[in-house]
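Q: I'd like to ask you about the structure that follows.
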Amino acid sequence: MFNNQMGGGEDEVIRRLGARLKAGFPLMNGSRRMHYRKIWAIILLITGIPGLITGLLIYWFVGGRIENEMVSLHKNQIVRRAESINSQFDNLELFLSHWAFDPKFDFALKEVDFYRNFQVTNDISKTLVIMQGSLPLIDNIEFYVNGSIPVLFRPNFNRMDPDSIDWLNTMELMRKGSSVYWTLMPSLTSSGNPDLTIVHKMPGGASEPFALLRAHINHDQVLNLLKTLTPYEGGEAFLMQEDGTVLASTGSGETTPLMEVLKKYVKTSKGKNQTSFLMEWDHITYSVSFGGLDRIGAQWIYVSAAPINAITKPVVFLSKLIIMISCTGLLLALLLASIASRKIYSPLDRLVRLLTSGTPSNGREDEFTLIEREWQHLTRERLALQRKLQNQLPQVQQGFLYQLTQGYLSSYSEEELRERMRQYGWMVDERSYRVLFIQLTGMAHAGRTGRYSLGDEGLVTFAAANVVEEMAREQFEECHVINFHDLTMGLLLSIPSGEDIYSDIDELGNTLIQAINRILKMKVTLSVGRISEQVKQIPLLFEETKLALSFRSIYDENQIIDLEALKSNVQDPGFQYPFTLEREIIQAMRTGKLDEAEQQVQAFLEVLVLERAKELDVQTCVLNLLGSLEHTIMQAGLNPNQLFKSVNRFEQLSVIREPEQIKRWFVDKIIHPFMAEMEHRSDYKLKKVIEQAMTFINANYMRDISLDDCAEHCTTNVFVLSRTFKQVSGKNFIDYLTELRMSKAKDLLRESEQRINDIAEQVGYQHSYFNRLFKKYEGVTPSQYRETSRNA
């Protein structure tokens, strides 16, 4: 709010200057030409020449060094990708070697009858399926067993014909000397290309192997790996053995002329210990990288060839683009320098127009001398507006403090809040904060005596706030009062950190109480909050201190509540809820006795006052009473929300603090509207009979009464009374009488020292029957109930 006020003062200055501009005035041509030419020349030098020089340097740097760096980077990437491919083949070889030595594939399989031993056959098939799915490089896995009956797992079980091509190929592979080796095998899929295959004799390390594990490598996966070696269009990558046999390539599968040329160059370069070279072929320069892949029983060679123009194409394009942009920029610099100089000079020209108010220059002053003179004049006007703003600062401070205490500034950081407080003139460095909350009571009594009338709460609070602020400033250097206009106010004290002011606060509290008692004739409850050094904690301090007021005694007297002492005092003697008076109030409502109901409400509140109940306890009791009354209203067939026009009764009651006001609220807002509504209902007379019957039961429950006695008392017949009693009360006659007697018995057990026999007689029962009936309803015997209630 304060910043907005400051902005308003500056806006006033601009508004006055804008009014001057409307008059119009001539340009300062001579001065304008001089400054305009200087600005134009500086901008041209800044924008044009450095841009051209930078473009040439970048072209030289990009066209030469960066191009070489990109070729070198490409070669390094090929080497790293080749290492990645090599590691994948290493993992595959290690994977198969691991399974070759697995106990599942030992010599015992040679004698196994795979036709009859289904469990072993199934285990081997499952194992092969797991192996086939474990590595993406594997396309198919085959397991040959040359036992008593030659069999083939692919990975499902098949019997082999000794005359079949598969068997002959297998025998050829078994005769090779190495136990593990790579070879090319016919593809098991529909693709025409042969599969790169790794063969492992089994069991692993055996001198006379009887089985063969053959893994066909996925052709597409190998092709994808090779494509990583030539990521550019027009390149070539392939794997070959030392004798020149191509194992896999990114081409169509056939040896191309480019591959033949590459083989020759690679053979020549190996003799020279080179791993990369540039090659000219078919009017295209290629960057060629090759290297060895050490495989089990073989040495492979990878070859990658990528066109140089594909590698350096982005760099060359960027270099040419930079030169074009630099040349274009030089041409545009001439045009932009003229436009920019006009734009740069425009604010200066406009400021001169604003400050001169249409008065021509005397010719001896340049623009800056004129601006300095006029600015001093405007500064004097701004200071005048600043003094006006200072007069409004108290209202701005009050608004900020209200927002702070209500938590509206929670999104601000601690430093931001301190900075705003500094702007408003508060001391915030090495300061602590303490909150006092003041509540005035006795408004109802003052209203009866005629001192105040309804609606004077705001006026009384305003007067009390002035008294509090005046007395607080006498003792504390910095304090601020917040008026909530509802007989409550807050007092924020800002004190030096580490200073003990407890005695000063106690003295201030007693002084405030005496002054408000004497001047306003009102009682005061003062709650003292804890201390904090953080501004962000102030909303919490206010909330805690305000809540502490709920622990004040409802007795109409002056009170000081120390929040810290309140937290340390855990002993609470408590109080007994007046259940009997609650029932009397409900009974008076049911029978339509307004005066009696008002008297019982008065008695209900007097019990709480005499027991010196806390305000929090009183609120709990009266809210509970309101809930019981609304339950009675619903039992009578009325909807409380319709009866009270959807007013939030619990919210209204929770803000009333004085017993007299609480009593008047219950009578005027709850009891009287209910009775008035019942008077207009068609079945009211019938319910009056039931209320009369209930009154008779309440007065004679200790005697041996029956439904006939009750009907005779109410001058009605037994059948009508029985049916109506159930409809109105929700219980039949016997249940209502029994529950009433049990309730009276429990009151006597809790509150008296009479014997169980005497209590049974007082509620209309024999001793033995009373014990059984009490235990049936309460779950414990009368003696156990008395002991439990007293311990509680």
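Q: On full extension of the chain, what length is gained from T285 through N117, given 0.36 nm per residue of separation minus the C-alpha to C-alpha distance?
A: Between T285 and N117, full extension yields an extra 54.1 nm.
Q: Carbon and sulfur: what percent of the stretch 105-164's accessible surface (1.4 Å probe)?
A: Accessible surface attributable to carbon and sulfur in the stretch 105-164 totals 51 percent.
Q: Say R0 is 30 Å: what FRET efficiency, to the nearest 0.05, do E753 and E677 get from their beta-carbon distance?
A: Result of the calculation: an efficiency of 0.10.
Q: Continuing with this model, one more query. What size of dipole, in debye to the nearest 20, comes out for the stretch 119-260 about its Cα centre when the only charges are +1 on Lys and Arg C-beta atoms and -1 on Asp and Glu C-beta atoms?
A: 560 debye
Q: On to the next question. Using the Karplus curve 6.51 cos²θ - 1.76 cosθ + 1.60 with θ = phi - 60°, work out ³J(HN,Hα) for each residue of the stretch 750-759 in order, rounded to whole Hz, and write x for Gly and Pro.
A: 6, 9, 10, 10, 5, 6, 4, 4, 5, 5
Q: Roughly how many percent of the accessible protein surface of the stretch 512-667 is carbon and sulfur, given a 1.4 Å probe and a whole-percent answer?
A: For the stretch 512-667, the apolar C and S fraction of the accessible surface comes to 52 percent.
Q: On to the next question. Check cross-link reach from K263 to the lysines: straight Cα distance under 24 Å, and skip same-chain residues fewer than eight apart.
A: Partners within reach: K75, K227, K272.
Q: Report, ordered by chain and residue number, the aspartates and glutamates lying within cross-link reach of K126, taken as a straight Cα distance under 19 Å and ignoring same-chain residues fewer than 8 apart.
A: D102, D106, D113, D139, E142
Q: Shape verdict for the stretch 666-748, please, from the Cα gyration tensor: rounded (a/c under 1.5), prolate (a/b greater than b/c) or oblate.
A: oblate
Q: Can you tell me how the stretch 646-792 classifies by the Cα gyration tensor, rounded, prolate or oblate, using a/c under 1.5 as the rounded cut?
A: oblate
Q: Something else: State to the nearest 20 debye the size of the charge dipole of the stretch 210-273 about its Cα centre, where the only charges are +1 on K and R beta carbons and -1 on D and E beta carbons.
A: 280 debye
Q: Just to be sure I understand the model, the point goes 7 Å from the Cα along the line to the Cβ. What's the resulting E260 to Y408 distance in nm?
A: Result: 9.0 nm between the two label points.
Q: Taking the full set of protein chains and a 1.4 angstrom probe, give the accessible area of E419 in square angstrom, rounded to the nearest 10.
A: Around 80 Å² of this residue is reachable by solvent.
Q: Ok, one more. Pull out the extension gain between S722 and S338, defined as 0.36 nm times the separation in residues minus the alpha carbon to alpha carbon distance; nm, one decimal.
A: Separation in residues times 0.36 nm, less the Cα-Cα distance, equals 127.5 nm.
Q: Run through the stretch 423-477 and list the GluC sites (Glu not before Pro) located in a DSSP loop whose Cβ has at most 16 other Cβ atoms within 10 Å.
A: E430, E477
Q: Rounded, prolate or oblate: which fits the stretch 611-650 when a ≥ b ≥ c are the square roots of the eigenvalues of the alpha-carbon gyration tensor, with rounded for a/c under 1.5 and prolate only if a/b beats b/c?
A: oblate
Q: May I pose another question? With a Förster radius of 30 Å, plug the Cβ-Cβ distance of L94 and M160 into 1/(1 + (r/R0)^6) and report the FRET value to the nearest 0.05.
A: That gives a FRET efficiency of 0.55.
Q: Among the lysines, which have Cα under 28 Å from the Cα of K523 when same-chain residues fewer than 8 positions away are ignored?
A: Of all the lysines, those that pass the test against K523 - Cα under 28 Å, at least 8 places apart if same chain - are K546, K567, K614, K663, K669.
Q: Working out 0.36 nm times the residue gap between K270 and Q599, then minus their Cα-Cα distance, what length gain in nm do you get to one decimal?
A: Working it through step by step, the gained length comes to 106.8 nm.
Q: Hey, rough spin-label estimate for T580 and K521, points 7 angstrom out along Cα→Cβ, what's it come to in nanometres?
A: Going from the T580 label point to the K521 one covers 3.7 nm.
The values are calculated or read from the model by the stated rules, or taken from the named source; none is laboratory data. These numbers were taken from a predicted model, which means no experiment stands behind them. So basically every Cβ, Gly included, is an ideal-geometry build from the backbone, and we count neighbours across all protein chains shown. Ligands, DNA and RNA are excluded from the accessible area calculation, which covers all protein heavy atoms including side chains. Shrake-Rupley method; radii C 1.70, N 1.55, O 1.52, S 1.80 Å.
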